[in-house]
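These notes concern the structure reproduced below.
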Amino acid sequence: MSTRASEAGRLISDNVQQVIRGKPELVRLAVAALLAEGHLLIEDVPGLGKTTLARCLARSIGGEWSRIQFTPDLLPGDITGVTVYHQKDEEFTFHRGSVFANIVVADEVNRGTPKTQSALLEVMSERRVTADGVTHDVPRPFLVVATQNPIEMEGTYRLPEAQLDRFLMRLSVGYPDVASEVLVIMSDCAGVTADDLPTVVDIETLRGAIEDVRRSHIDRAVVEYAARLTAATRDHVAVRFGASPRGSIALVRTGQALAAMAGRGFVTPDDIKDVAKPVLAHRLILTAEAELSRRTPGEIVDEVLAATPAPAVNVATR
């Protein structure tokens, strides 16, 4: 079944991969987050293209996008906006901040102070800004693509677990293989950058694609599978605090996006499996013993997947 979501997903993915070379799975999941209208955290060491991926997504769609470089002196009002008194008109006027865009690239979000991080994360959750008792809605669709460097901790402020939970997925770029790195170098020598990418999907088409994602059918058995996976993280011996029901919702929403991108009108257990690690791993808080043993949340999710049987869903009638 051909849908607006599958066509939009293909166009955006192909466009982004003109710059992000050799990372088709990374791009697929990033586009899925966009179509699920969920926020994305990209975490990896410097120089692997975290910010470039975020800018490629922003350039690929119509509408507005903005980039916020987080620094310790960035103020909450720089993000959300401020109310200013105009003496000439004798009235207060709200001046919108950088968050009023369809895609907001929050670069090095862990370099902002906790108060500034909270201002952004509040908008991520509420999708609106309240100033002096007046509510201002951000444009829809609304997506925050945040990046952070996990190894350089001096002058940074770690995102609390409760705030990490507001990101639909956390992705890692990873080092490219030699062949892909050669393509990256050649593209750079040829002057091909994120700023050169054309808009391939206008904002109205993107809204329609998001509607298609929300209409993707999901059987109760698949929903129960997602809920059992999330519940299993809470019962794991190496986990102090597992994923909340927000994690289950994120699994289903992202599974719907993958199904729609594949041109299917229904979600399979494999869609849930595909996104389990990027959706659930950053929501787990391990025990002290597990951390001392150098266990990772990703390993725990793999164990949960192996121990939780997937339902047999008849797709022939879909």
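Bear in mind that the values in this text are calculations on the coordinates, not laboratory data. The structure presented is a predicted model; accordingly, all values stated were derived computationally and were not measured. All Cβ positions, even for glycine, are placed from backbone atoms using ideal geometry, and neighbour counts span all protein chains on display.
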TODO: Would you kindly derive the ³J(HN,Hα) couplings of segment 43-49 from the backbone phi angles with the Karplus curve 6.51 cos²θ - 1.76 cosθ + 1.60 (θ = phi - 60°), listing them in order in whole Hz, with x for Gly and Pro?
DONE: 10, 5, 5, x, x, 9, x
- [ ] Give the distance, in whole Å, between the Cα centre of segment 103-151 and the Cα centre of segment 250-275.
- [x] 26 Å
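Most exposed first by the Cβ proxy, i.e. fewest other Cβ within 10 Å, how do Thr3, Thr254, Thr130 rank?
Thr130, Thr3, Thr254
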Task: Cα-based reach from Lys277 at 28 Å (exclusive), listing lysines while leaving out same-chain residues under 8 positions away - done: Lys23, Lys50
Open item on the list: Suppose only helical runs count, i.e. DSSP H with n ≥ 4. What mean residue ellipticity at 222 nm does that imply for the chain under -39500 (n - 2.57) per run, divided by all residues and rounded to the nearest 500 deg cm²/dmol?
Closed with: -13500 deg cm²/dmol
Open item on the list: For the chain, set up a GNM with springs between Cα atoms under 10 Å and report which of Ala209, Ala106, Ala231 has the largest fluctuation.
Closed with: Ala231
TODO: Springs between alpha-carbon atoms under 10 Å, Gaussian network over the chain: tell me which of Ile300, Ile151, Ile218 tops the mean-square fluctuations.
DONE: Ile151
Task: Electrostatic dipole magnitude of segment 216-318 [Cβ: Lys, Arg +1; Asp, Glu -1; Cα centre; debye, to 20] - done: 280 debye
Open item on the list: One quarter of the convex hull surface, Cα atoms only: what value does that give for the chain in nm²?
Closed with: 19.0 nm²
TODO: For Leu143, enumerate residues with amide H under 5 Å from its amide H, sequence gap 5+ or separate chain, H modeled in the peptide plane.
DONE: Ile103, Val104
Task: Gaussian network model of the chain, Cα within-10 Å springs - most flexible of Phe92, Phe266, Phe100 - done: Phe92
Task: Simple Cβ-charge dipole of the chain, Lys/Arg +1 and Asp/Glu -1, about Cα centre, in debye nearest 20 - done: 780 debye
